[in-house]
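The values are calculated or read from the model by the stated rules, or taken from the named source; none is laboratory data. Remember, it's a predicted structure, so these values are computed and weren't measured experimentally. Note that we place each Cβ from the backbone using ideal geometry, even for glycine, and neighbour counts take in every protein chain shown.
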Amino acid sequence: MVENTIHATQAVVTLDVALPGIIWGWMITLNMWAKSIGTGVILVGAYLLYRHKKDEMPNLRWIMPLVSFVFLNIFLLFTLTDLHQPYRMVNIFLHPHWTSAITVGAWMASLFTLLITILMVIGAADAFPGLGGKKCKITAMARSNSAVYEKIFPFVVFLAIPVTLYTAIIMAESSARELWQAPTEVIQMLWAALMAGSSALILASNEWSKEARKDLSLVLAIAVFASFLMYMGEYFFSFKSSEAEATLAYVHAGGAFNVEFWFGMALGFIIPFFLAVSAMKSDNKTLLRFAAILALVGLYLAKDVWLKIPQMLPLS
């Protein structure tokens with residue numbers, strides 16, 4: 001609604017009005033879920049490369065950047081799609097404002113994706129020497145310079161951390177969203193990345209050594225357990241903030257959000273924890289893959305509830 005017009009500058013002053021309903025919906029949930037996988041496989045993959053020999057994980061060097069590349073582009077695609085005027089995204093690069101978390105995050109995510117693309121090409125060339133034939137100059141160059149992989153990889157691991165965490169800063173900057181506290185959300189984002197990354201790599205670990213799969217099971221068990229404890233801490237001890245308490249009432253009081261939240265907790269955190277611990281002892285590949293799938297589904301449901309319920313609280 002236009003309040004008045006300043007004729008000297010032709011500036012239009014408008015009144016802020018409440019936006020009813022959920023503004024950040026499934027698209028942002030999918031955005032954060034995909035980002036957790038894209039960055040998590042790098043963090044968990046770096047841990048595995050530090051702990052084990054490459055021969056124990058024959059496809060890790062190419063499957064890790066491939067999975068990361070796919071899910072990072074899903075993350076970037078839905079980030080761009082969610083913007084009301086996507087063409088303005090170019091101004092982040094042409095006229096950057098470095099005090100904005102969105103600007104810094106966009107630059108880091110773009111650089112991260114570029115480096116991931118280079119790793120993917122090098123890793124694929126090493127894994128499939130005949131790819132593209134003898135005349136493929138890109139493949140030949142990548143194969144002859146595999147040492148570049150080791151030089152780039154530390155920078156990729158370093159960038160994976162802020163890329164997976166900066167969304168928490170954006171959420172914390174949202175006005176009157178007490179449930180999205182920066183310190184808590186930062187830790188939740190990190191656990192989500194480790195949880196999603198270990199789950200994604202578990203699905204590709206069929207030919208890996210028993211020790212490597214055991215480490216993946218351990219990472220998954222620790223990540224789901226720690227993340228579950230954080231959710232429970234906020235769920236039961238939100239009384240120090242009246243707004244957070246009112247927000248969580250949408251879960252406490254029953255209804256659709258209550259069912260989705262507890263279904264997500266059971267499916268993505270409680271069950272995978274026990275399955276992962278069991279797989280560590282028995283090296284049951286089927287059981288471990290089932291735990292990974294459940295963890296990915298449950299993580300999406302938990303993030304969906306945590307994203308939507310703060311938006312249900314009227315701000316006036």
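Has the range 19-26 got any residue that is modelled with pLDDT of 80 or more and among the aliphatic types (A, V, I, L, M)?
Within the range 19-26, the subset modelled with pLDDT of 80 or more is 26.
With among the aliphatic types (A, V, I, L, M) added as a condition, the list becomes none.
No, every residue in the range 19-26 fails to be modelled with pLDDT of 80 or more and among the aliphatic types (A, V, I, L, M).
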Practice task
Give the residue that is modelled with the highest pLDDT, with candidates limited to residues of the range 115-147 that are assigned to a helix (DSSP H, G or I) and exposed (fewer than 13 other Cβ atoms within 10 Å of the Cβ).
Solution key: Ala147
Completion exercise
Quick count over the range 182-211, residues being touching a residue at least 60 places away in the same chain (Cβ under 8 Å) and surrounded by fewer than 17 Cβ atoms within 10 Å (Cβ to Cβ), is 6
Problem - Residue check for Ile102: surrounded by 22 or more Cβ atoms within 10 Å (Cβ to Cβ) and of a type outside the set (D, E, K, R) - result: no
Problem - Cβ pairs under 8 Å, 6+ apart, first in the range 153-177 and on the phi < 0 side of the Ramachandran plot, second outside any helix (DSSP H, G or I) - result: Ala168/Trp180; Met171/Arg177; Met171/Trp180; Ala172/Trp180; Ala172/Gln181; Ser174/Trp180; Ser175/Leu315
Completion exercise
Counting only residues in the range 292-316 that are assigned to a helix (DSSP H, G or I), touching a residue at least 60 places away in the same chain (Cβ under 8 Å) and of a type in the set (Gly, Ala, Ser), the one farthest from Gly40 (Cα to Cα) is identified as Ala302
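Suppose we keep only residues that are of a type in the set (D, E, K, R) and in contact (Cβ under 8 Å) with a residue 40 or more places away in the chain within the range 42-56. Which one would you say is surrounded by the fewest Cβ atoms within 10 Å (Cβ to Cβ)? Full working, then the answer.
The first filter runs over the range 42-56 and keeps only residues of a type in the set (D, E, K, R), leaving 51, 53-56.
Narrowing the set further to residues that are in contact (Cβ under 8 Å) with a residue 40 or more places away in the chain leaves 51, 56.
Values: Arg51: 12, Glu56: 16.
Here the answer is Arg51.
Within 28 Å of Val297 (Cβ to Cβ), charged (D, E, K, R) and at pLDDT below 75 - does that describe any residue in the range 69-88?
Narrowing the range 69-88 to residues within 28 Å of Val297 (Cβ to Cβ): 69-83.
Retained after the next criterion (residues that are charged (D, E, K, R)): 82.
Cutting the leftovers down to at pLDDT below 75 gives us 82.
Yes, there is a match, as at least one residue in the range 69-88 is within 28 Å of Val297 (Cβ to Cβ), charged (D, E, K, R) and at pLDDT below 75.
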Fill in the blank from the handout: Within the range 217-232, residues over 18 Å from the mean Cα position of the chain (by Cα) and more than 19 Å from Leu288 (Cα to Cα) come out as Leu229, Met232
Completion exercise
Across (1) surrounded by fewer than 20 Cβ atoms within 10 Å (Cβ to Cβ); (2) of a type in the set (S, T, N, Q); (3) in contact (Cβ under 8 Å) with a residue 12 or more places away in the chain, Ser36 clears everything bar (1)
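Which of the residues belonging to the range 265-280 are free of Cβ contacts under 8 Å to residues at least 12 places away in the same chain and under 18 Å from Ser205 (Cα atoms)?
Step one: of the range 265-280, the residues free of Cβ contacts under 8 Å to residues at least 12 places away in the same chain are 274, 278.
Scanning the range 265-280 gives a single hit, Ser278.
May I ask you to list the residues in the range 239-275 that are within 30 Å of Ser198 (Cα to Cα) and either small (Gly, Ala, Ser) or touching a Gly at 6+ places or on another chain (Cβ under 9 Å) (or both)? Break it down into steps so the answer makes sense when it comes.
Going residue by residue through the range 239-275, those that are within 30 Å of Ser198 (Cα to Cα) are 248, 251, 256-275.
Of everything in the range 239-275, those that are within 30 Å of Ser198 (Cα to Cα) and either small (Gly, Ala, Ser) or touching a Gly at 6+ places or on another chain (Cβ under 9 Å) (or both) turn out to be Ala256, Phe263, Gly264, Met265, Ala266, Leu267, Gly268, Phe269, Ile270, Ile271, Pro272.
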Handout entry: So Ala168, is it at pLDDT 80 or above, under 21 Å from Leu220 (Cβ atoms) and surrounded by 22 or more Cβ atoms within 10 Å (Cβ to Cβ)
Key = no
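Within the range 224-241, how many residues turn out to be without any contact (Cβ under 8 Å) to a residue 40 or more places away in the chain and in a helix (DSSP H, G or I)?
Looking only at the range 224-241, we keep the residues that are without any contact (Cβ under 8 Å) to a residue 40 or more places away in the chain, and these are 226, 229, 232-233, 235-237, 239-240.
Those still in the list that are in a helix (DSSP H, G or I) too: 226, 229, 232-233, 235-236.
Number satisfying all stated conditions: 6.
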